[in-house]
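The values are calculated or read from the model by the stated rules, or taken from the named source; none is laboratory data. None of these values were measured; they are calculated from a predicted model. We place every Cβ from the backbone using ideal geometry, glycine too, and count neighbours over all the protein chains shown.
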Amino acid sequence: MNEGKKNALDEAHGISRIESTISDAGRVAGLARKMCLRAMALVAMSVGLYLHASVSFAQDASMLDERVSQQNIVTTICRPGYADTVSPPFDDMMELKDRLLAERGIDAGHGTRYALDRRVPIVLGGSPDAQDNLDLLPWGGHKGERRKELLTAKLKRCVCEGRMSLTDAQAAIAGNWSAHYAGFGSAPCDDDSGVASIGSDGS
């Protein structure tokens with residue numbers, strides 16, 4: 001009789017331990033789910049803030065050409081040779097480049113390593129000569145001008161084919177444009193394999 005009671009108690013204790021283990025596992029799984037959901041929410045929030053900042057940056061009026069709008073892209077940026085008709089004289093732009101080199105403490109002898117960049121290119125509605133739209137970029141490298149020119153050309157084509165709005169293209173090229181470059185193959189206008197395949201040295 002005592003042996004039977006002992007076995008019954010052992011069995012009860014065993015069941016209790018199993019139930020406790022299952023309960024602990026459930027709590028751990030629940031905590032993991034909560035942490036996963038919080039992480040996803042933070043990622044979504046970060047992406048939203050980044051896109052909002054990019055759009056705001058791109059729509060800074062001091063960087064844009066007021067003559068260009070979504071309504072007139074056919075007669076402006078999508079017209080062959082448009083950029084040449086609104087660009088300042090070459091000598092004037094070189095003077096601006098020399099000024100930027102001096103402001104940043106870059107030796108004039110190394111000037112050929114850098115391009116005079118427009119944060120929002122002319123062919124995407126950027127101002128040709130506004131100071132706020134001018135910058136210096138190295139020609140090569142992951143964040144160099146050659147790579148940016150490829151992204152610019154593709155964005156312009158997407159806009160002119162009606163597959164992307166001018167505002168979206170400006171947001172993609174402004175700010176941290178190299179991040180858009182890296183992921184542009186998954187964007188709706190993604191039929192140019194050349195953009196995705198270019199090397200990090202810009203060649």
- Please work out which one of (1) more than 16 Å from the chain's Cα centre (by Cα); (2) closer than 30 Å to Arg104 by Cα; (3) surrounded by fewer than 20 Cβ atoms within 10 Å (Cβ to Cβ) is the condition Ser127 fails and give its number. (3)
- Query: Is at least one residue of region 87-98 of a type in the set (Ser, Thr, Tyr), assigned to a helix (DSSP H, G or I) and in contact (Cβ under 8 Å) with a residue 24 or more places away in the chain?
  - Reply: no
- Would you confirm whether any residue within region 104-111 is surrounded by 14 or more Cβ atoms within 10 Å (Cβ to Cβ) and either of a type in the set (Val, Ile, Thr) or outside any helix (DSSP H, G or I) (or both)? yes
- Query: What about Val55, is it β-branched (Val, Ile, Thr), modelled with pLDDT under 95 and within 22 Å of the chain's Cα centre (by Cα)?
  - Reply: yes
- Scan region 81-97 for residues that are out of contact with any helix residue (DSSP H, G or I) (no Cβ under 6 Å at 6 or more places or on another chain) and either closer than 16 Å to Glu145 by Cβ or surrounded by 14 or more Cβ atoms within 10 Å (Cβ to Cβ) (or both) and report the count. 7
- Task: Would you be able to tell me the number of residues in region 165-180 that are among the polar types (S, T, N, Q) and part of a helix (DSSP H, G or I)?
- Result: 3
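Per-residue answers, yes or no, for (1) modelled with pLDDT under 90; (2) polar (S, T, N, Q); (3) over 22 Å from Asn72 (Cβ atoms); (4) more than 21 Å from the chain's Cα centre (by Cα):
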{"position": "Ile106", "(1), (2), (3), (4)": "no, no, yes, yes"}
{"position": "Thr112", "(1), (2), (3), (4)": "no, yes, yes, yes"}
{"position": "Pro121", "(1), (2), (3), (4)": "no, no, no, no"}
{"position": "Met164", "(1), (2), (3), (4)": "no, no, no, no"}
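Here is a yes/no grid of residues against (1) at positive phi; (2) of a type in the set (Val, Ile, Thr); (3) not in a helix (DSSP H, G or I):
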residue: Asp117; (1), (2), (3): no, no, yes
residue: Asp135; (1), (2), (3): no, no, yes
residue: Lys143; (1), (2), (3): no, no, yes
residue: Lys148; (1), (2), (3): no, no, no
residue: Ala153; (1), (2), (3): no, no, no
residue: Lys156; (1), (2), (3): no, no, no
residue: Val159; (1), (2), (3): no, yes, no
residue: Arg163; (1), (2), (3): no, no, yes
